[in-house]
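Read through the structure below, which is laid out as structure tokens, and then see the notes.
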Amino acid sequence: MGRSRRTIPEELLLLALDPATGTTAQPQSLDLGLAGAQLVELALAGRIAPDGDRIAVVMPRPTGDPTLDSALELLRRRGSPVRAVHWIGGPRLGLRQIYLAHLERCGMVHAVSGQMCGVLPTTRYQATDTAISRDIRARLDSAIRTGVPPDPRTAALAALAHAVGLGKHLYPGNEGRSSRSRLRDLIRHDPMGGLVAHAVMDVQNGVAAQPRRAAPGPSAAPGTPGGGGGGVRQTASASVSVQPHRGSMARAAAH
């Protein structure tokens, strides 16, 4: 997988990064969204495929992206298809820090050390090329504004942005209400993106016990869990300081 194309996890994290504060919105749910974004990216790369509400490895060959390949190897070790909701809700949190460190190594962000209340060490992240973030946002804005079905990558990104609660961060206030609604509706345009986005929302809502019969398709109604105006029990969008990255990527991915 070449580095000429940004991955969906990278784009989701850049969307969540506040350029003014260097912190991320929705940090708790963002870990879940990044786990789902990895599944979408692996599916687009032909490494995994949906099997009902489960995920099956169809090609274990590495992609060349270390963060994705860690996820692919963990999926391969399962030996049988795993429910998307169980994978996303599994004990593999910390992806936000892993991807922030990854983006720093790739030169997309740079870390700025500081202190909270003059005591607690913190790390904030600033994008090194704001044009990249503007391009990502422009793709979402275009899909929302024009109503033209977006490409699968943009549709999946929109579905995940909605699932983790970035709508109020991207389109705040009453004036952003219609844009948030259309962002939610984009979940219908990519089956894999819809599957993982619904899994992310199910984990947040604590309804992971019941399997879904099939991946959500184009007929999904706007009133799906988490749809429109706050049906999902999510925390309000807020920027919080990102603590320094602890441990290697390999250790974090293995937890």
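Overview of results
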{"quantity": "Number of the exception - residue 250 against (1) more than 18 Å from the chain's Cα centre (by Cα); (2) at pLDDT 55 or above; (3) part of a helix (DSSP H, G or I)", "calculated": "(2)"}
{"quantity": "Residue, farthest from residue 106 (Cα to Cα), within the range 16-26, restricted to residues that are touching a residue at least 24 places away in the same chain (Cβ under 8 Å) and open to solvent by 10 Å² or more (accessible area, probe 1.4 Å)", "calculated": "21"}
{"quantity": "Which numbered condition residue 54 fails, given (1) surrounded by fewer than 23 Cβ atoms within 10 Å (Cβ to Cβ); (2) of a type in the set (D, E, K, R); (3) under 30 Å from residue 124 (Cα atoms)", "calculated": "(3)"}
{"quantity": "Helices (runs of 4 or more DSSP H) within the range 51-142 that include 1 or more residues over 17 Å from the mean Cα position of the chain (by Cα)", "calculated": "66-78, 95-105"}
{"quantity": "Some residue of the range 124-135 being open to solvent by less than 40 Å² (accessible area, probe 1.4 Å), among the basic types (Lys, Arg) and in contact with a strand residue (DSSP E or B) (Cβ under 8 Å, 6 or more places away or on another chain)", "calculated": "no"}
{"quantity": "Selected residue (criterion: nearest to residue 8 (Cα to Cα)) from residues of the range 140-170 that are surrounded by fewer than 23 Cβ atoms within 10 Å (Cβ to Cβ) and touching a Ser or Thr at 6+ places or on another chain (Cβ under 6 Å)", "calculated": "143"}
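Matching residues to (1) over 20 Å from residue 32 (Cα atoms); (2) touching a residue at least 24 places away in the same chain (Cβ under 8 Å); (3) not charged (D, E, K, R):
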residue	(1), (2), (3)
128	yes, no, yes
133	yes, yes, yes
139	yes, no, no
144	yes, yes, yes
164	no, yes, yes
168	no, yes, no
173	yes, no, yes
190	no, yes, no
206	no, no, yes
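The values are calculated or read from the model by the stated rules, or taken from the named source; none is laboratory data. The model shown is predicted, which means the values in this text are computed figures rather than measured ones. Heads up, the Cβs are rebuilt from the backbone with ideal geometry, glycines too, and the neighbour counts pull from every protein chain shown. In case anyone asks, the SASA skips ligands and DNA or RNA and just uses the protein heavy atoms, side chains included. Shrake-Rupley method; radii C 1.70, N 1.55, O 1.52, S 1.80 Å.
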